[in-house]
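Heads up: the structure comes next, in structure tokens.
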Amino acid sequence: MATHVIIDGYNLLGASDRSSRMSEKNGEASREGLLHDLARYQHRVGHTITVVFDAWRQHGGTQHHEHRTGVTVIFTKQGEQADQVIQRMVRAQSQNCVVVSSDHEIMATAHAHGAMALRSQVFLAKLREQTVPSHLSESTMLQDDPDMNEMRRRDKKGNPRKLSKAVRQRLRKLKKF
């Protein structure tokens, strides 16, 4: 079963180099570039991808959906934020999805409903990889993800050289990306 990846669009753009918000034209070009990268990623890994962008300041009362080369794009309705739409989607799909955002509230909702949450910076590193390198070690993955370091710091019993069960499970899930 393919994993459904739900992405906070502007959060991911803010974490990338493309985050030039000087004008609407630059914002549009940044969004299009991100969607192009996500389409390539989707074709490479086969996950279902949904990107949610805030449009609550724009005029227009309804939520707008678009499908672009394998990626579903959702613009929120006026008065609604992307965080609310993402949280609603996570509640509906729970364990069958992965949420990409650095927003603590969204990540807490994902964890509460059994979904995996990835920080935007970690997903960007995966997005920029052309192929999955075979030499990707556990220490490299641990350095990239602040959540992994937090999980690893907890006191644990047993072999001090062996990673905890939670860290090993998270590493297995990350390798799928």
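Coordinate-derived values only; no laboratory data. Note that the coordinates shown come from a computational prediction; the quantities given were computed from them, not determined experimentally.
Working note: Karplus 6.51/-1.76/1.60 with θ = phi - 60° gives region 93-100 the couplings 9, 6, 6, 8, 9, 10, 9, 10 Hz, where Gly and Pro are set to x.
Over all directions, how big on average is the projection of the convex hull of the alpha-carbon atoms in region 29-121, in square nanometres?
On the way: hull surface 24.9 nm².
About 6.2 nm², averaged over all directions.
Here's how it looks for residue 118: its modeled amide H is under 5 Å from those of 99, 100, 101, which are all 5 or more places away or on a different chain.
Between amide H atoms placed 1.01 Å from N, distances below 5 Å from residue 51 occur with 7, 72, 73, 74, all of them 5 or more places distant or on a separate chain. In order along region 108-125, the Karplus-derived 3J(HN,Hα) couplings, from 6.51 cos²θ - 1.76 cosθ + 1.60 at θ = phi - 60°, round to 5, 5, 4, 5, 5, 9, x, 8, 8, 10, 10, 5, 4, 5, 5, 5, 4, 4 Hz, and Gly and Pro are given as x. Structural descriptor for region 4-129: relative contact order 28 percent, calculated from alpha carbon pairs under 8 angstrom and at least 6 residues apart.
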